[in-house]
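Some notes on the structure that comes next.
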Protein chains: 2
Amino acid sequence: MGEIVSLRRTPDPAAPVERTEPLWRELVGGELRGRRLERGERLVDVAQRAGVSPQYLSEVERGLKDPSSEMLAAVAGALDLTVRELSTRAARGGFSAGSALCLAA
Amino acid sequence: MGEIVSLRRTPDPAAPVERTEPLWRELVGGELRGRRLERGERLVDVAQRAGVSPQYLSEVERGLKDPSSEMLAAVAGALDLTVRELSTRAARGGFSAGSALCLAA
DNA sequence: ACGCCGTTCCGCTCAGAGCAGAACGCTCAA
DNA sequence: TTGAGCGTTCTGCTCTGAGCGGAACGGCGT
């Protein structure tokens, strides 16, 4: 704890690194990819319909970026989901980008 | 449509303004406030436990800011919720900050 | 009057959202 | 073997807005 850590947007939880639960962006990212794959769609097509770049959508799906609420709505819309439906599926789906990646077969 | 609108983080949906569905930040913000009030807690106490400023938590609850995933986890934790629980409640709760504010009695 | 609470306003720093171009790695078909 | 298609990673970039602190405001109760 002797370090000065600039934590601007990533607050230091009580246990700094040991995170047993996925972050929101990991949950929602995993669900977006799961949904896209179960619909058999390509990343570039969904990205185009949502109005985002393919690189960026790739990062969002992998839980690397926190999309704005409008972006989230656009991507959800491109997958024929409402934000509510997406949230529900993200919360209870088996998909979670990042270290705890579960693939429901 | 003659305007040049700089849309960096707020993509222009097909219908630019007519939004019938709340954004994620509105859903989650409403749920956070609902949860806090049903626990009878003050904004400053939750903010302190979560490690954020009261002004900022006020804005988050009112759906004015998109919190990072870590922030969301911290605030959820301060209200004894997991991110999954929060997502589920946000998706199906009657709380939504912003224009479509419903108070479940 | 005062205190408490939440909200708004203002100004600020700088983290990171989101992008484009290029390169990489993998799979599959010819 | 090569080449195409796909997704991912890397790099560098612009500039938005996250998140803050201080101050002021408004509502409510004593």
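Some observations on this one:
- Identity of the residue in segment B:32-76, within 24 Å of A:Glu70 (Cα to Cα) and of a type in the set (S, T, N, Q), that ends up farthest from the chain's Cα centre (by Cα): B:Gln55
- Considered as a group, the residues in segment A:35-45 that are in a helix (DSSP H, G or I) and charged (D, E, K, R) include one that is surrounded by the most Cβ atoms within 10 Å (Cβ to Cβ), and that residue is A:Arg35.
- Answer residue from segment B:57-87, given it is of a type outside the set (Gly, Ala, Ser) and more than 11 Å from chain A (Cβ to nearest Cβ) and is surrounded by the fewest Cβ atoms within 10 Å (Cβ to Cβ) among those: B:Asp80
- Reported count of residues in segment B:46-70, each being of a type outside the set (Gly, Ala, Ser), more than 9 Å from DNA strand C (Cβ to nearest atom) and assigned to a loop (DSSP other than H, G, I, E, B), is 3.
- Pairs with Cβ under 6 Å, 6+ apart, first in segment A:63-76 and at positive phi, second surrounded by 21 or more Cβ atoms within 10 Å (Cβ to Cβ): A:Gly63/A:Arg25; A:Gly63/A:Glu26; A:Gly63/A:Gly29; A:Gly63/A:Ala97
Here, each number is a calculation from the coordinates, and none is a lab measurement. The model shown is predicted, which means the values in this text are computed figures rather than measured ones. For neighbour counting, all protein chains shown are included, and Cβ atoms are generated from backbone atoms with ideal geometry for every residue, glycine included.
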